[in-house]
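For reference, the structure discussed in these notes is given below.
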Amino acid sequence: MNRKLILIFLLTIVQLSWAQDCDFERRNLSNNLNGESELIDKAEYDKAVRISEEFIDFKPRSEIELTKKYPEIFKLKDSCYTFLANPNIGIGIKTPELKACKYLLKEKGYSNYEFKGTYCGNALIEITEFEGWGFLSVDLKNGLTCRTMGKPLTSNGETAISHSNYYGEEEIALTDLKTKEQYVIGIEGWRTIESKVSKNSYYLKLESEFQTGCEKEIKYLKVEIKN
């Protein structure tokens, strides 16, 4: 069975499993960072959008540029770069390291990476694997790294939000860019269609998807670090 058929099969199973569940339920995947999320009404969301700040985008930098400038951080061994990380069983980081690898081997599967650039003192590396993807944010001062499923977005260089959908479950991560601690939640049957930031709070607009037999809905979520 090829990858496309596997994906279709999994999506069919997901749709059937959600056929009778139309709720908006958040699953806590990690809270190493003291984060919180709350549903808000459309009026509060619209107000935040009107005064929202711009997200900082990354500056393109090649693998050659970064490895030459930061040789103590980017050390290639056996087709892999290895970085320091905070162990986090909730999102699959079981050892204090993360890797960016390139290989296509029967015993290892498929893995690839692409250096996208830098943002706010971090290198951004995109990872693609057989049935997964994500981004590594590598601190260019000490090499401390975190992984997010979606591209991290920040306006202040202190915290970042990211979101991506994996077989129907939306994964939303709030990350402290200095400590690389994270608050991560999963929401089945929903997808982020817009995100804004205002005064260190992130505002997300989500739409229900993959829920057969359920009416289309829009929900608004506020994500931030607890005071």
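The values are calculated or read from the model by the stated rules, or taken from the named source; none is laboratory data. All values reported here derive from a predicted model rather than from experimental measurement. Ideal geometry is used to build each Cβ from the backbone, glycine not excepted, and the neighbour counts take in all protein chains shown. With ligands, DNA and RNA removed, areas are computed over all heavy atoms of the protein, side chains included. Shrake-Rupley method; radii C 1.70, N 1.55, O 1.52, S 1.80 Å.
What to note about this one:
- Amide proton proximity set for Arg61, modelled H, under 5 Å, gap of 5+: Gly117, Thr118
- Free-standing Cys, the chain [no other Cys Cβ under 4.7 Å]: Cys120, Cys146
- Carbon-plus-sulfur accessible fraction, segment 22-225 (probe radius 1.4 Å, protein heavy atoms only): 49%.
- With R₀ set to 41 Å, the beta-carbon distance separating Tyr167 from Leu76 gives a calculated FRET efficiency near 0.80.
- Between Glu207 and Lys94, the C-beta separation translates, for a Förster distance of 45 Å, into a calculated FRET efficiency of about 0.85.
- When the convex hull of its Cα atoms is viewed from all sides, segment 97-209 shows a mean projected area of 7.6 nm².
- Value at 222 nm in deg cm²/dmol, rounded to 500, when DSSP H runs of n ≥ 4 in the chain each add -39,500 (n - 2.57): -4000 deg cm²/dmol
- Segment 22-225 gives an Rg/Rh value of 0.99, both radii derived from C-alpha positions and Rh following Kirkwood.
- Most positive-pole-ward Cα, Leu206, Gly150, Tyr167, against dipole of segment 22-225 from beta carbon charges: Gly150
- Solvent-accessible heavy-atom area per residue, rounded to whole Å², over the chain at 1.4 Å: 55
- Options Pro87, Phe74, Leu136, ranked by Cα towards positive dipole end of segment 67-137, top entry (Cβ charges): Phe74
- Basic side chains Lys and Arg get +1 at the Cβ, acidic Asp and Glu get -1 at the Cβ, and with that the dipole of segment 109-218 about its Cα centre reaches some 540 debye.
- Sequence ranges 127-137, 38-48, ranked by mean other-Cβ count within 10 angstrom, highest first: 127-137, 38-48
- The listed peptides 23-35, 158-170, 66-78, ordered by packing as a protection proxy, come out as 158-170, 23-35, 66-78 (highest mean of other Cβ atoms within 10 Å first).
- Ligands, DNA and RNA aside, Val49 has an accessible area near 40 Å² when probed at 1.4 Å.
- Between Phe24 and Glu217, residue separation times 0.36 nm minus the direct Cα-Cα distance comes to 68.5 nm.
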